[in-house]
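Okay, structure first, notes after.
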């Protein structure tokens, strides 16, 4: 196992280089000059465009640009945005907030989703099952801008339980409502996924064996059934963490959270390659670590799974 | 923010945090002693500016929101009327040959770091802005000054051409001369009647010594001479300005500290304003505009005033189809501007009757578009027939990153239903790509174009957009008659005479219809209960100097 | 344990075959293929042995109200997509600004949108684009994801390292960035707006290329669990080829979680299409789609809630129909529930 983990960690290096290269080339592959739109409808003086192009090495061939960028990165410099702000400052400001928000969303979706899934699977067809199905469909169909807005208006403006918007440096308490909104769609998915997996394992012979052995139902469910059913669920949760971090554009907008979702989105729209590459590369590292954790958990959940 | 600090330490456990969020939420705070000070600043909706905070290199309203209160130029525009009046200039006198201005500065003004503001600060700043090697966005603003071509040579084959412009042969414009500490002269290439009204534009601000010496340091910690000084900034989150106590100008502020807060969604800023968590907004979300709900909800705190700008549909006259003026007139006749203004903008806009913004100081439009801007189905069809019909699909382009989709869909529908031709939309993902396509003449059909006045004369709507050599002429329109009329107006003896001549030039556009004037959106915003006074200028920039905190206990 | 694995596998395998069959049949009826169908059909030779079970399942299904309701809804939606003019003869883009934002009435059962277009007509005419994009994008995503995930999970080692790391890079790639670049490259060189069918294909392809890693991870996890089972070892000992083991033993055991993902992804992808349109990359006026209608309603949820309600309602019904069929099929194939 130790060797496996070490190998996985070593794989970070090529992935890191590959990702930075792909992202870097993608951003600069967006058609149109990134500086052309900076001066409003008047258009920019050619001298301005030319100098910015030189400053960001855009006049050089892509591989050269990339090597220059990488060199800069290894000296600990993430580069500067077009308006002269250090990308590292942006990362420092945005990452902690986003990490908190994504963790809260993840806890919500995992706890409520798995609980709902277990409940429906154990109770079988009937009222509870239909209720959860209806709730699930509701979460799928209602766009985040609506659910976010409703929660904001009802709990923030009318009931005054939460603050309508969050602003800089939010506390965990302030992030609970946004986290719930953010995690809602995945919650629906986790509930259904757990339910399906439980249904399948419910009929497995080892469950029958365990029950026949006279084990208490609670133990059968928690130790035998749940453990085996959790593999696909854990997988999804692992991939979802990164998605919650980078894809929370709408939720961040509604609650005015200055996280990385909005940062990346804006940077993509203004074609700020250095910002996008820096922030997204760190995001990929999060994905890699989460997936490594998930892979290790497989072995813990199902003793038959072995890594050499 | 006020509430947030209260909440902060109490996040030990989930339940405790819930409780804390519970008692801290909503409501907004009342006015106290501390309101308007650094402890509890007045907050203003903002977004991250696109460029560094240097007056000659910043162009967007978010940058102006910071630079406007931080710098005072020779001339300032009144935030309410947009009329120019002398600010740092004691006097600006024109010589007999109409080419040289002698500027006398007011004495005793200081930058925020204590340096005195002298003639040298202006001359150096302008030379810096114009010099091609510094690649400033607003370099073209200095074009009229003698010697500009030496410091910023023109590109011989246009922006898109492969040839690079030659290296500048000088670093300073020969038209600027320092006479003494508080006097300097500006010599223009040729007489330019409305030059002084242009001087209120932020690019003409003076810059302190420290800017030229330590630019890196300056960008992080800008120093100006205006009523407010830079205090602190957290990128992507907020920027705080504090009142400059030694300010000598008439537009000194009364609020001690103002915090500009980044909002990504107008809807959220609006909610926060309603609950007094935010004090000034300069955008009203579409959701609140419907049925004028915002005016009901905000009452007299709602701000709505004419914008000094206009939205048009430009026509790509470099495409064969659009060279026919009858087709252009047919399209213009087919757009029901009044209904779009009423239903899409809820009356918070003015249907265009010409190419100059309505209510414009120094020459509101006198209906230069004439009959072509009135919706007339029969006539539209008649002109379409005259033009020989329209084959294929008419595609209207817009940039998807602005809030244009709804109205341009309505315009497309109006053209489609009136003329019975196929109409489609083409959303260009970013404004950068859009600008690129305009610069390189790649538009295939009508495309939306918004223009905001830089200075208060009708010239700003005409010269750059429709003269053959205009810096923002994206239509390919070229009319000798129009060019001559503009040149004549530039040489006029007085500002009033010039404005009248510019209006005449606009009438010439009415004969050719190079673009289709659509409407002018109102400047819309609002203040919270914590402010007794406060307004936006006509470029939607909140005028911080006008803010006054409400009486405590209100 | 041996028995447990075997039993479980058999039930699931049977389920997978039968599901494939039913879906194939449905395709004949409706021209609309639900997700996850292609792989199981490779099992053709095995059919004879399974016909009994499958026949039972079909008999069972025909009596299941869930299945019948689901199929009727999907058939109806397919009919609407093919002949929208029959259900709503009007012009979906005809606008009457004076009627803007009016609520439902006898003239317009769903009311009018923000610029005075009839919402009923638009919902009906929007079905085609939404259903085609949603269903095909789901199928493509699941097909790519499952295949890669299956290989990665089954072979493990270097293959897994390579494929899984590759997927992780894609996972980290922001959807908007990938979509802007892919779609801009596709659209480069086209003057003006490209044709509708072309954009639809591009959107489907883009979603497929960018969204596959999630189903890949899920399939991979299931394959890792499945390949350790005794029946796989038994098949190996009997000298079965990798291809045979993968498609006959491992895949059928792994389908269930991916199928669940597919039903939910369907709803998501309809929305994703709207995001792309909104960014100026997807379908554009005059094409109508539910996603675009939902996203346009964003600004009007307070003043004009019916702009959101009706297209969102149709989307719920569509997803519900697919969920019902999926559930019914799984139940019908479970002998223990008979």
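Bear in mind these aren't lab numbers, they're just calculated from the coordinates by the rules spelled out. All of these numbers come straight from a predicted model, not from anything done at the bench. A quick note on method: Cβ atoms are made from the backbone with ideal geometry, for glycine too, and the neighbour counts reach across all protein chains shown.
Summary table
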{"read-out": "Unit Cα scatterers, Debye sum, segment B:435-554: log10 I(q)/I(0) for q = 0.12, 0.16, 0.21, 0.22 Å⁻¹", "value": "-0.61, -0.86, -1.18, -1.25"}
{"read-out": "Tail weight of P(r) past 17 Å, computed on alpha-carbon pairs of segment B:59-189, percent", "value": "66"}
{"read-out": "Reduced Cα scattering model of chain B, Debye log10 I(q)/I(0), q = 0.08, 0.09, 0.13 Å⁻¹", "value": "-0.58, -0.74, -1.41"}
{"read-out": "Relative exposure of B:421, B:145, judged by other C-beta atoms within 10 Å (fewest first)", "value": "B:421, B:145"}
{"read-out": "Mean separation of Cα contacts under 8 Å (6+ apart) over length of chain B, as relative contact order %", "value": "19"}
{"read-out": "Percentage relative contact order, segment B:505-554, counting C-alpha pairs under 8 Å, at least six apart", "value": "26"}
{"read-out": "Chain A: angle of helix A:260-269 to the longest principal axis, Cα-based, in degrees nearest 10", "value": "40"}
{"read-out": "Kirkwood hydrodynamic radius (C-alpha pairs) into Stokes-Einstein, segment B:276-422, 25 °C and 0.890 mPa s, D in µm²/s", "value": "142"}
{"read-out": "Relative contact order, percent, segment B:72-220 [alpha-carbon distance under 8 Å, six or more residues apart]", "value": "30"}
{"read-out": "Kirkwood-type radius of segment B:159-293, with distances r between different C-alpha atoms, in Å", "value": "19.9"}
{"read-out": "Chain A: angle of helix A:172-202 to the longest principal axis, Cα-based, in degrees nearest 10", "value": "50"}
{"read-out": "Using distinct alpha-carbon pairs, which all enter the 1/r mean, Kirkwood radius of segment A:19-86 in Å", "value": "13.1"}
{"read-out": "Angle between chain A longest axis and helix A:127-141 axis [Cα atoms, degrees, rounded to 10]", "value": "10"}
{"read-out": "For segment B:309-522, the Rg and Dmax computed from alpha carbons only, in angstrom", "value": "16.3, 50"}
{"read-out": "More than 60 Å apart - percent of Cα-Cα pairs taken over the protein assembly as shown", "value": "17"}
{"read-out": "Helix-only [θ]222 nm of the protein assembly as shown, DSSP H runs n ≥ 4, -39500 (n - 2.57) each, per residue, nearest 500", "value": "-16500 deg cm²/dmol"}
{"read-out": "For B:265-274, mean number of other protein chain Cβ atoms within 10 Å", "value": "6"}
{"read-out": "Sorted peptide list for C:120-127, C:310-317, criterion being average Cβ within 10 angstrom, highest first", "value": "C:120-127, C:310-317"}
{"read-out": "Intensity falloff of segment A:208-308 expressed as log10 I(q)/I(0), Debye formula with alpha-carbon point scatterers, at q = 0.16, 0.17, 0.23, 0.24 Å⁻¹", "value": "-0.79, -0.83, -1.12, -1.17"}
{"read-out": "Calculated Rg and Dmax of segment B:211-254 using C-alpha coordinates, Å", "value": "12.0, 32"}
{"read-out": "Relative exposure of A:21, B:212, A:149, judged by other C-beta atoms within 10 Å (fewest first)", "value": "B:212, A:21, A:149"}
{"read-out": "Neighbour-count ranking [beta-carbon atoms within 10 angstrom, fewest first] of C:185, C:287, B:219", "value": "C:185, B:219, C:287"}
{"read-out": "Dimensionless Rg over Rh [segment A:91-299; C-alpha; Kirkwood]", "value": "1.04"}
